[in-house]
Amino acid sequence: MLQDFLSTHKADFKDHTELRAQVNTSKRVAMLAGNMVGNTQVEIGGVSARVFRSGTYGFASGAEYSPESVKAVLSAATQNAVFMDTNINKGQPPLPHVEGPDKVGLKTPIFEDIPQSILIDYARALDELIVKKCKNISSRTVVADALYIEKLLTVSDGTDSHLFQPRAMVYAWLTAETSDGIPVELFKSFSGVGRFDEFFKDPATLEEEIEKLYKALMDKRGGVYAQAGLRKCVLHPDLAGMLSHEAVGHTVEADLVLGGSVAAHNLNKQVASTLVSMTDFAHTALGKPCPLPVYVDDEGTPAEDAILIENGILKGYMHSRESAQTFGVKPQGNARAFEFSHSPIIRMRNTAILPGKDKLEDMIASVDDGYYLVKTGNGQADSTGEFMFSVDLGYEIKNGKIGKAIRETTISGMAFEMLKTVDMVSDDMSWEISGFCGKSQPMTTSMGGPALRCEMNIGGR
């Protein structure tokens, strides 16, 4: 647990100052075909300071965390701020005052660390389960992963905080070969918040999910190629959540808006069907705790929900304190840093399209000739909202019924144009928290959504 060497310096802050101590602890075990190919434990920690003066920031960090290193880092950041202000001379006013509690304590208790052997034993047992249940595969990979992030923050204005976020993850890849020798692969992630051995107690609890993954792989092995073109599609919630994050969420981050993203000239304009609403949730969504709650960001701003799209209308962006000042709005806690040596930047937290009123089975039954797209893999999206993603698992829809699986293909388009074609939204939703967002530095985020019926450009053979 981080000892507080920060708060004693608060009286010395002259400009807006953020002083942050942080430790990231990660553990990972990887097994390929029953052989251990990865076994790592990494702890990265230290202290950083950021000082805002007249429109510019001075930043400094150090890998040692002690009273002496805190003093040195704070001094260096202050000197850097003076240097930047002298040479750039923006002449901007101080950042606006942020209202909130003086301090937010730990929301999750820090627990005793676990030995690496727990991850090794779990990965080995899950691998044995896969061998038992999946007879016709050519390769398999299992990864057990744990990440603990502890942050201690003292700010000149805003909310001091001490936060701890543990995340446990398991990944499984299965590979098979088609009758003509082409490899096909499917991937499944399992994740949750908490200590690894508390969330993943027994690999047998994943047996049903592994069987579903194997069945889907066998479906894909005998799959057909999709017919290219603009097609009526039903997007599984996992795929809809990924698109909402990558193709929409990044375009409404205020730093990218200032850089000229497609959202820059669409505020208060229709960018989606009236059935589509989208929010970046802070810590509570639809009356339940978010998968990865954020209570205070790394600028000391208390976290609130950021409404992005409401009934198809673009309502707002995600902000840091500085960008909020530029746009004349209230910051809502979107500035975060992944490691102690990173400066906070605007990031998504728990970004999701809100559920609607339709049933998934009715959405599929309403399609005469189209596709049910279930899983997405690698892809890319840019600030114009243009996207292209691989589809790792999908099925034909023929006369309102699920048909044959399809081979890997791609989907592409312009996010805001695609969202305008949404005409059905399911009444349930799912969250995905196992990955990282890669905007200049990694970041833990969650994304979610319901199933969507829309028109989508899909690739062929």
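Where in the chain lies the longest segment free of GluC sites (Glu not before Pro) that are both loop residues by DSSP (not H, G, I, E, B) and have at most 15 other Cβ atoms within 10 Å?
Maximal segment without exposed cleavage sites: 113-461.
For the stretch 274-347, what size does the Cα cloud have along each of its three principal axes, sorted from largest down, in whole Å?
Extents along the principal axes: 42, 31, 16 Å.
Using alpha carbons only, what's the Rg to Rh ratio of the chain with Rh from Kirkwood?
1.00
Regarding the stretch 180-294, what's the average projected area of the Cα-atom convex hull, expressed in nm²?
12.2
Using only the Cα atoms of the stretch 29-158, what are the Rg and Dmax in Å?
23.5, 68
Within the set LYS151/LYS201; LYS132/LYS439; LYS151/LYS439; LYS269/LYS330; LYS90/LYS151, which residue pairs have Cα atoms separated by over 29 Å?
Flagged as over cut-off: LYS132/LYS439; LYS90/LYS151.
Rounded to the nearest angstrom and ordered from largest down, what semi-axes does the equivalent ellipsoid of the stretch 28-100 get from its C-alpha gyration tensor (root of 5λ)?
Its equivalent ellipsoid spans semi-axes of 40, 16, 13 Å.
Can you give the angle from 0 to 90° between the axis of helix 67-88 and the longest principal axis of the chain, with both taken from C-alpha atoms, to the nearest 10?
So the helix axis and the longest Cα principal axis differ by about 90 degrees.
Sort largest first and round to whole Å: the equivalent ellipsoid semi-axes of the stretch 183-237, each the square root of five times a Cα gyration tensor eigenvalue.
31, 16, 9
Would you mind pulling out the separation of the Cα centroids of the stretch 185-258 and the stretch 369-394, in Å?
Here the two parts' Cα centres lie 11 Å apart.
Using alpha carbons only, how many degrees (0 to 90, rounded to 10) separate the axis of helix 116-133 from the longest principal axis of the chain?
So the helix axis and the longest Cα principal axis differ by about 10 degrees.
What residues have an amide H closer than 5 Å to that of HIS342, excluding those fewer than 5 places away on the same chain, when H is modeled at 1.01 Å from N in the peptide plane?
Close amide H contacts, sequence-distant or interchain: none at all.
Which ³J(HN,Hα) values, rounded to whole Hz and listed in residue order, are derived for the stretch 269-282 from phi using the Karplus coefficients 6.51, -1.76 and 1.60 in 6.51 cos²θ - 1.76 cosθ + 1.60 with θ = phi - 60°, glycine and proline given as x?
Going residue by residue, I get 10, 6, 10, 7, 4, 5, 7, 9, 10, 9, 9, 9, 7, 7 Hz, with x marking Gly and Pro.
Please report the net charge: other residues with Cβ closer than 14 Å to the Cβ of SER139, K and R +1, D and E -1.
0
Report, in degrees rounded to the nearest 10, the 0 to 90 angle that the Cα long axis of helix 207-221 makes with the longest principal axis of the chain.
Roughly 60 degrees between the two axes.
In sequence order, what are the phi-derived ³J(HN,Hα) couplings for the stretch 284-294 according to the Karplus relation 6.51 cos²θ - 1.76 cosθ + 1.60 with θ = phi - 60°, rounded to whole Hz, with x for glycine and proline?
9, 10, 6, x, 10, x, 5, x, 10, x, 10
Per DSSP helix of 4 or more residues, -39500 (n - 2.57); summed, then divided by the residues of the chain. What does that give at 222 nm, rounded to the nearest 500?
The helix contribution divided over the chain gives -5500 deg cm²/dmol.
Using modelled backbone amide H atoms (1.01 Å from N, in-plane), which distant-in-sequence or interchain residues come within less than 5 Å of GLY38's amide H?
Amide H to amide H, under 5 Å and 5 or more residues apart or across chains, GLY38 pairs with ALA30.
I need the semi-axes of the equivalent ellipsoid of the stretch 93-174: take the C-alpha gyration tensor, multiply each eigenvalue by 5, square-root it, list largest first in whole angstrom.
Largest first, the stretch 93-174 gives 44, 15, 8 Å.
Each reported figure results from applying straightforward, stated rules to the coordinates on display, with no laboratory input. Since we're looking at a predicted model, the values are computed, not measured. In this analysis, Cβ positions are derived from the backbone assuming ideal geometry, glycine residues included, and neighbour counts consider all displayed protein chains.
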